[in-house]
1. Quick check of the Kirkwood formula: for segment 108-261, what is the inverse mean of 1/r over all pairs of different Cα atoms, in Å?
2. Go through 147-153, 82-88 and give me the packing order, highest mean Cβ count within 10 Å leading.
3. How long is the gain from residue 238 to residue 100 if the chain were fully straight, where each residue apart is worth 0.36 nm and the alpha carbon distance is subtracted?
4. Nearest 5 percent is fine: what portion of the DSSP beta bridges confined to the chain is antiparallel?
5. Show me 113-120, 94-101 ranked by packing, highest mean number of other Cβ atoms within 10 Å first.
6. Could you compute how fast segment 181-233 diffuses translationally, taking Rh as the Kirkwood radius over C-alpha pairs and applying Stokes-Einstein at 10 °C with viscosity 1.306 mPa s? Give it in µm² per second.
7. State, to one decimal in nm², a quarter of the convex hull surface area for the C-alpha atoms of segment 7-62, i.e. the direction-averaged projected area.
8. Once the principal axes of the Cα atoms of the chain are found, what is the range along each, listed largest first in whole angstroms?
Ligand SMILES: [Zn+2]
Ligand SMILES: [Zn+2]
């Protein structure tokens with residue numbers, strides 16, 4: 001049975017990814033308001049209003065804003081590591097339940113297996129995930145300053161990838177952000193720029209890769225057209241033909257896609 005995946009929102013104002021097996025519906029991050037995520041869930045072909053669990057990559061507000069509201073409304077537990085739990089902003093509120101996972105150790109939510117791995121980002125214990133269902137693997141990795149060896153190893157062999165393509169370096173340098181923030185974004189603990197993401201993608205290509213969603217685009221320091229320009233060079237190559245590309249947006253959900261065996 002296929003896995004259904006839909007990026008509900010992506011960008012520095014809020015991130016949320018819906019992953020559904022026939023048995024299990026999980027949100028990875030819930031960074032918009034509870035109300036806005038509920039609205040996007042309603043219009044998703046994958047969700048019928050039911051959620052079984054929430055999973056958190058790290059404590060930044062753009063990943064957890066709606067977490068408390070959704071956990072209480074759906075009466076579902078929140079899976080996160082201890083560092084993230086301790087660093088959560090207070091306004092997130094109470095959870096209906098908490099399940100701690102350990103970075104580096106796989107955990108299961110019904111028929112989905114999550115492999116959390118460390119990423120280089122300025123949060124307490126930030127992680128990316130490989131989510132497996134039967135023989136399909138989905139790699140989810142946003143918010144990382146550099147694609148370390150560990151990240152590249154973990155994301156190998158995935159059938160679908162949701163990867164950060166945060167900024168265009170030129171737009172960042174010439175843009176309005178104060179210098180310390182520019183430095184933070186560019187650092188090893190910041191965010192991946194478009195060309196770093198394309199290099200990572202080229203390295204991760206394999207015959208079984210079918211879906212790529214480029215995510216967490218900065219609204220100030222990036223443009224979807226710039227990201228698309230970079231993708232053209234892949235689309236011209238024969239080996240990339242079976243791959244469908246999408247670019248995440250803050251304003252609306254991406255198209256849901258199925259991950260077959
Ligand atoms: Zn973020
Ligand atoms: Zn972050």
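1. Value: 16.0 Å, from the Cα pair sum.
2. Result, highest mean Cβ count within 10 Å first: 82-88, 147-153.
3. 45.3 nm
4. Of those bridges, close to 55 percent are antiparallel.
5. Working: 113-120: 20.5, 94-101: 14.6.
Answer by packing, highest mean first, reads 113-120, 94-101.
6. Translational D for this selection: 128 µm²/s.
7. 3.6
8. 44, 44, 34
Rule-based calculations on the coordinates, nothing more; no lab input. Model, not experiment: these values are computed from the prediction. All Cβ positions, even for glycine, are placed from backbone atoms using ideal geometry, and neighbour counts span all protein chains on display.
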